[in-house]
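The values are calculated or read from the model by the stated rules, or taken from the named source; none is laboratory data. Computed from a predicted structure; not experimentally measured. FYI the Cβ positions are ideal-geometry reconstructions off the backbone, even for glycines, and counts take in every protein chain you see.
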Amino acid sequence: MVISSLIVYTACFDGLFSKLPDRLFNVLGVCKKYCVPIITGNLCGFVTGAKCICDIYEENQSDESDFSDSVILSSNAGIGFVVGYVGSKLWGDMRFGIFIYSVQIISAFLLNGVFLIFEKKNRKNEKYAYFVKEARNSFFASLARSVASACSAILQVCAFVVFYSLIIDLFSSLFSLERGGFPFCALCAILEFCKGTCASLTVGYAPICAAMTGFCIGFGGICVHSQIFSVCDGFPLNKAKFFAFKALQGVICSVFCFAYAKMFSVVPIKSTSFTESGSINFVLIAFVIAIFFLVRRKNIKKDFF
């Protein structure tokens with residue numbers, strides 16, 4: 001995230017995409033000024049691209065729909081996690097990891113095109129520009145700002161991961177969900193991205209495991225959505241569109257992963273076992289949840305619609 005922010009602040013790729021034809025960006029539905037964050041977001045993973053897009057928008061105001069579309073396109077799982085961990089480590093097949101990653105990226109751009117058609121939006125050709133003022137700053141000034149900006153975002157990410165992990169443990173205990181059972185796996189897939197990916201291996205039938213893995217990769221989990229909403233707080237992100245987009249992307253990835261597992265008979269080689277970590281402090285968790293919803297109660301409608 002630090003490197004991505006540094007690339008944006010120093011504008012080191014300022015002229016790269018300006019040489020490409022405008023028609024290409026219109027077809028892809030991508031705003032030129034957000035190309036680098038979209039690329040880094042898809043390479044490095046969730047939140048990275050969104051944070052950089054917010055930085056660019058803050059200095060160079062653009063159309064609100066361009067902002068939302070770019071954040072959505074940048075919000076995908078990173079290649080290292082999908083190919084290196086999910087494909088190679090969990091499934092023992094790097095080709096499967098490459099397939100999931102490819103389907104995730106392709107489905108994102110195809111869905112974006114479909115959304116643009118239904119919105120009947122004619123995107124204007126914008127002159128590609130980064131921060132004119134920030135580009136003149138020294139490298140070390142840009143580095144300092146990049147580190148400060150990235151650390152703030154990373155702290156928010158960690159807080160949401162802990163919070164949603166507690167929610168999963170709470171619901172699992174309250175409703176006596178069997179670790180490794182389908183209800184528990186579905187809960188993990190919906191709420192927390194990493195837990196859902198690992199839990200998807202314990203369902204049993206390999207194609208169903210692959211389908212759930214694909215859904216986790218495409219959907220991202222409400223935890224990731226919350227992280228991105230937090231990073232984009234105060235910016236014109238269409239949250240309802242974001243959620244609908246990621247849900248459709250999760251379904252598409254799930255279908256293609258199911259078909260791949262059926263055709264090539266891939267099976268997971270590492271089944272993650274979930275063990276109880278001790279008694280849960282229900283009073284503490286209930287208190288945290290209550291405070292969270294009390295604070296957000298007045299803003300729920302504004303934040304999501």
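When every residue of region 289-299 is checked against the conditions, none turns out to be modelled with pLDDT of 85 or more and in a helix (DSSP H, G or I). In region 193-226, what residues are at pLDDT 90 or above and within 12 Å of the chain's Cα centre (by Cα)? Result: 216, 217, 218, 219, 220, 221, 222, 223, 224, 225, 226.
Please indicate, with yes or no, whether at least one residue in region 130-147 is part of a helix (DSSP H, G or I), at pLDDT 85 or above and surrounded by 15 or more Cβ atoms within 10 Å (Cβ to Cβ). No - not one qualifying residue is present in region 130-147. Within region 200-239, the residues that satisfy the criterion of being on the phi > 0 side of the Ramachandran plot and buried (at least 24 other Cβ atoms within 10 Å of the Cβ) are 220, 221. When residues in region 30-77 are screened for being among the small types (Gly, Ala, Ser) and either modelled with pLDDT of 90 or more or under 14 Å from residue 245 (Cβ atoms) (or both), 7 of them pass.
Filter region 240-269 for residues that are of a type in the set (S, T, N, Q) and surrounded by 14 or more Cβ atoms within 10 Å (Cβ to Cβ); which is farthest from residue 57 (Cα to Cα)?
Per the stated criteria, the residue is 254.
When residue 24 is tested against (1) touching a helix residue (DSSP H, G or I) at 6+ places or on another chain (Cβ under 6 Å); (2) free of Cβ contacts under 8 Å to residues at least 40 places away in the same chain, only condition (1) is not met.
Does residue 187 satisfy the criteria of being touching a helix residue (DSSP H, G or I) at 6+ places or on another chain (Cβ under 7 Å), buried (at least 17 other Cβ atoms within 10 Å of the Cβ) and modelled with pLDDT of 90 or more?
Working: touching a helix residue (DSSP H, G or I) at 6+ places or on another chain (Cβ under 7 Å): yes; buried (at least 17 other Cβ atoms within 10 Å of the Cβ): yes; modelled with pLDDT of 90 or more: yes.
So residue 187 passes the test.
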